1. Sorted by mean Cβ packing within 10 Å, highest first, what order do the peptides 19-30, 1-12 take?
2. Which residue, chosen from His122, Tyr204, Ile16, occupies the Cα position most advanced towards the positive end of the dipole of the chain, where the dipole is computed from +1 (Lys, Arg) and -1 (Asp, Glu) charges on Cβ about the Cα centre?
3. Give me the angle, in degrees from 0 to 90, between the Cα long axis of helix 94-105 and the longest principal axis of the Cα atoms of the chain, rounded to the nearest 10.
4. Within the range 43-58, find all residues whose amide N lies under 15 Å from a label point positioned 7 Å from the Cα of Lys69 along Cα-to-beta-carbon.
5. Grab the other residues whose beta carbon is less than 13 angstrom from that of Arg77, score K and R as +1, D and E as -1, and report the net.
6. Percentage of Cα-Cα pair distances in the range 133-244 greater than 16 Å, rounded to whole percent?
7. Can you tell me what share of the DSSP beta bridges in the chain is antiparallel? A percent to the nearest 5 is fine.
8. How big is the charge dipole of the chain about its Cα centre, in debye rounded to the nearest 20, if each Lys and Arg gets +1 on its Cβ and each Asp and Glu gets -1 on its Cβ?
Amino acid sequence: MLEVKELAVAVENHIIVRRASIKVVEGEVNVLMGPNASGKSTLLKAVMGIPGYRIVSGKIVFNGEDITKDPPWIRARKGIGLAFQSLPRIHVEIGYLAKAISEKRSTTDLIDYASEKLYLKHLFKRKLGEGLSGGEGKRVELFTVLLQKPRIALLDEPDSGVDVESIRIIADVINDLVKENVGVLLVTHQGYILRYLKSLNKAYVMVSGEIVYEGGVEEVYNKVLSHGYRYFKKSMEAERRGRN
């Protein structure tokens, strides 16, 4: 299990995430929703240990071990993988990257399966992040996570900027991850992908860097559709006034 406890995160001395607490259990999909610039991506990068995302307070616990100060490669070795919201522009062929990752993680047997599931084999000679469509880029990101064979997968908006067909493909692979007992923390803004996912556990709503609501995925998603994120922002402001 991955547990984020009262985490505060700063970027360039600005506090972006405040007191965020989330649990991710293996074999389940947990969802993090919120408006743009609410701190969702910052939280995932801090959990992964990406440089530049400084943990000010709180801690990250993975399988009972405090990993708050571990560098990202140690977290990856322990079983945490991150699919970025935007594909990094690295001048390396996708096929070469897949080979390098799979050899390091002893997962060369997964290359054919993962590339076929994500319809990527024809892109192996293409450079990472160069000339890929939105759907192709998201599928490549998920591909690199699959090859790491994680126990916890942090997926940052895999459904943004992609067509319906790619969303179905991505959702199918996420469902396969869950079948393999992988825990998923999925960030989504609009939530369209949720209708294709199974084993949905809990949804969290982040507004202005704070987790302001949590509940069943269907309940939270319906509230977002009905009232928008302003509903949660007003609730947060009312709670603050009550405390003062």
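The values are calculated or read from the model by the stated rules, or taken from the named source; none is laboratory data. Note that the structure is a prediction, hence the values are computed from the model and not measured. Virtual Cβ from ideal backbone geometry, glycine too; neighbours counted across all protein chains shown. The area values use the complete protein model at the heavy-atom level, side chains included, leaving out ligands, DNA and RNA. Shrake-Rupley method; radii C 1.70, N 1.55, O 1.52, S 1.80 Å.
1. With the highest mean Cβ count within 10 Å placed first, the list reads 19-30, 1-12.
2. Ile16
3. 80 degrees
4. Within reach of a label on Lys69: 55-58.
5. Details: positive: Arg75, Lys78, Lys104, Arg105, Lys149, Arg151; negative: Glu65, Asp70.
Around Arg77, the charge tally is +4.
6. Here the long-distance tail beyond 16 Å is 62 percent of all Cα pairs in the range 133-244.
7. Within the chain, antiparallel bridges account for around 55 percent of the total.
8. Charge dipole of the chain: 560 debye, to the nearest 20.
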